[in-house]
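Working notes for the structure below.
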Amino acid sequence: MKAYTVSGPGESVEEMELPTPELKGREVLVNITHTGVCHSDVHMQEGYFDLGAAGKLPVTASGVEYPAVFGHEIVGTVKAVGPDSSLQPGDQQYIVFPWIGCGECQACREDRENYCPRPRNLSVALKGGYAHEAWVPDEKYLIELGDLDPAWGATLACSGVTSYSAVNKVLPRGDEDIVAVIGAGGVGLMAVAMLKALGHKQIAAVDVSDENLESAKQLGATITFNSRVENPLEGLLEATGKKIAAAIDFVNNAGTASMALGALQKGGKLVSVGLFGGEHTYPTSLLALQVFTIEGNFVGSLPELKELVELAKTNDLPKLPIEEKPLTVENINSSLEALAAGKSRGRTVLVA
Ligand SMILES: [Zn+2]
Ligand SMILES: [Zn+2]
């Protein structure tokens, strides 16, 4: 099968022929029609996650084996199935759930595979979506796309379910409570749209790009703040007019995390999502006195993706700006470079 591989940390993507696996049990070979480009692929390509003073966490610690195939926002049709699968090869399109666990631990048995200590995520331990075919270990990971736009449906598998899971961690809140979304790129914009769709009233979007903030406003942000200023915390509180109930930090570097903690009202919650690196320095006593909660968020579970797809099918969720390009090695590399340089607005989805 034709795939677009990375041979080592920091290397560009190149075309490569990989062996097509023989299917057993309920395994499925998906014929990829759409594949989204995600910022975490930039970190994967760089070869490490930045842990601040704790150094760098190599992606090989997460199970990456070279040549690696990144990309985890996959929509496609069934090309072939194992002998025990109930699916049939055909034209029906599916969204592929990529955050697959070991299948044996307690988290996996409870359908919380994103908490599995031995994950087999597509694009990490398993080959991902920068390819024309993807091997999926069980048909249960395929969710019917229905009438959803396939490019947008692809983004639900990562940015969508990440936003949905993070938004679920800060709702419900009262009508006067401000929820701030820090980072209005692809994932953050989705969170703004979901907060609005789930009926939340006061949504503050924070970004360093006026263009992203304009997109956020169109999707339902009631307050926007460009944090490229000398004192971002002061500026944010000026823009909101009061302290905030919760923040979802899709950037999550030292600057945004301290801005978010500084802006929280008593009982406030910070949900940390981004992987831009850095660390917290905050008075521990204040965490107790202010009754703060800090909670991490890594993608979402299979049930959450199913809920989100249902929400998208039954509600008119606003669409993100999505740019579609043909699935080629040049377009994968240029899309990753644009993301790394912070020059990408909304989302890029590659179409086979
Ligand atoms: Zn992603
Ligand atoms: Zn597990």
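General remarks:
- Matching entry among 229, 187, 192, 206 (being crowded, with 23+ Cβ neighbours inside 10 Å and over 17 Å from the mean Cα position of the chain (by Cα)): 206
- Consider the stretch 92-121 and keep the residues that are in a loop (DSSP other than H, G, I, E, B) and touching a strand residue (DSSP E or B) at 6+ places or on another chain (Cβ under 6 Å). The one that is farthest from ligand 2 (Cβ to nearest atom) is 98.
- Index of the failed condition, residue 234 passing every other in (1) surrounded by fewer than 16 Cβ atoms within 10 Å (Cβ to Cβ); (2) touching an Asp or Glu at 6+ places or on another chain (Cβ under 9 Å); (3) not basic (Lys, Arg): (2)
- Answer from 10, 76, 71, 36 - the residue that is part of a loop (DSSP other than H, G, I, E, B), modelled with pLDDT of 95 or more and assigned by TED's automatic domain parsing to the domain that holds residue 133: 71
- Within the stretch 64-92, the set of residues being within 16 Å of ligand 1 (Cβ to nearest atom) and either among the acidic types (Asp, Glu) or out of contact with any helix residue (DSSP H, G or I) (no Cβ under 9 Å at 6 or more places or on another chain) (or both) comprises 69, 73.
- Looking at the stretch 267-352, the strands (runs of 3 or more DSSP E) lying wholly inside it that each contain 1 or more residues that are surrounded by fewer than 16 Cβ atoms within 10 Å (Cβ to Cβ) sit at 293-296, 322-326.
- Test: residue in the stretch 65-79 that is of a type in the set (A, V, I, L, M), more than 20 Å from the chain's Cα centre (by Cα) and crowded, with 18+ Cβ neighbours inside 10 Å: yes
- Flag for residue 158 being assigned to a helix (DSSP H, G or I) and either of a type in the set (Lys, Arg) or farther than 18 Å from residue 20 by Cα (or both): yes
- Residue match in the stretch 98-112 (condition: touching a Phe, Trp or Tyr at 6+ places or on another chain (Cβ under 6 Å) and surrounded by 12 or more Cβ atoms within 10 Å (Cβ to Cβ)): yes
- Counting only residues that are more than 15 Å from ligand 1 (Cβ to nearest atom) and of a type outside the set (A, V, I, L, M, F, W, C), the stretch 93-134 holds 18 of them.
- Under the condition of being crowded, with 18+ Cβ neighbours inside 10 Å, touching a residue at least 40 places away in the same chain (Cβ under 8 Å) and small (Gly, Ala, Ser), the residues counted in the stretch 38-64 number 1.
- Matching residues, the stretch 141-155, being within 11 Å of ligand 1 (Cβ to nearest atom) and either at pLDDT below 95 or surrounded by fewer than 24 Cβ atoms within 10 Å (Cβ to Cβ) (or both): 155
The values are calculated or read from the model by the stated rules, or taken from the named source; none is laboratory data. The structure displayed is predicted, hence computed values, not measured ones. Cβ sites come from the backbone with ideal geometry, for glycine too, and all protein chains shown count toward neighbours.
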